[in-house]
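Heads up, the thing below is written out as structure tokens.
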Amino acid sequence: MNFPTSTVNVLPHLQDLRKTWKQQDFRFTKDQQEQYDILLQARKERVAWFYESERVAKPGERLNREEEQQEEDS
């Protein structure tokens, strides 16, 4: 999957919308809600892409590789 670069920098926009949400008594306007939903979906797709392309560090992965190397060396 080739990830589009147009949705790379959504976090600052999400943070701005969250600040606005707090200032507006925890309510979005209809347009703000639509924008937030779109940005959130783009963020979820990006995180899924990181998992699919194995760009996420997984706990214990380094230890497993070290154990495999020790077994091969023995």
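Under 6 Å by Cβ, and 6 or more places apart or on different chains, what pairs join a residue from the range 25-42 that is without any contact (Cβ under 8 Å) to a residue 24 or more places away in the chain with one that is assigned to a helix (DSSP H, G or I)?
F28/W21; Y36/L17
Condition test on Q24, is it at pLDDT 90 or above and touching a Ser or Thr at 6+ places or on another chain (Cβ under 9 Å)?
Taking the combined requirement at face value, the residue does not satisfy it.
Name the residues in the range 10-28 that are exposed (fewer than 11 other Cβ atoms within 10 Å of the Cβ), over 29 Å from V56 (Cβ atoms) and not charged (D, E, K, R), would you?
Answer for the range 10-28, where residues must be exposed (fewer than 11 other Cβ atoms within 10 Å of the Cβ), over 29 Å from V56 (Cβ atoms) and not charged (D, E, K, R): Q23, F26.
Considering only residues of the range 29-56 that are at negative phi, out of contact with any helix residue (DSSP H, G or I) (no Cβ under 6 Å at 6 or more places or on another chain) and not in a helix (DSSP H, G or I), which is surrounded by the fewest Cβ atoms within 10 Å (Cβ to Cβ)?
Residue satisfying both the conditions and the ranking: R55.
The values are calculated or read from the model by the stated rules, or taken from the named source; none is laboratory data. Keep in mind it's a predicted model, so treat the numbers as computed, not measured. All Cβ positions, even for glycine, are placed from backbone atoms using ideal geometry, and neighbour counts span all protein chains on display.
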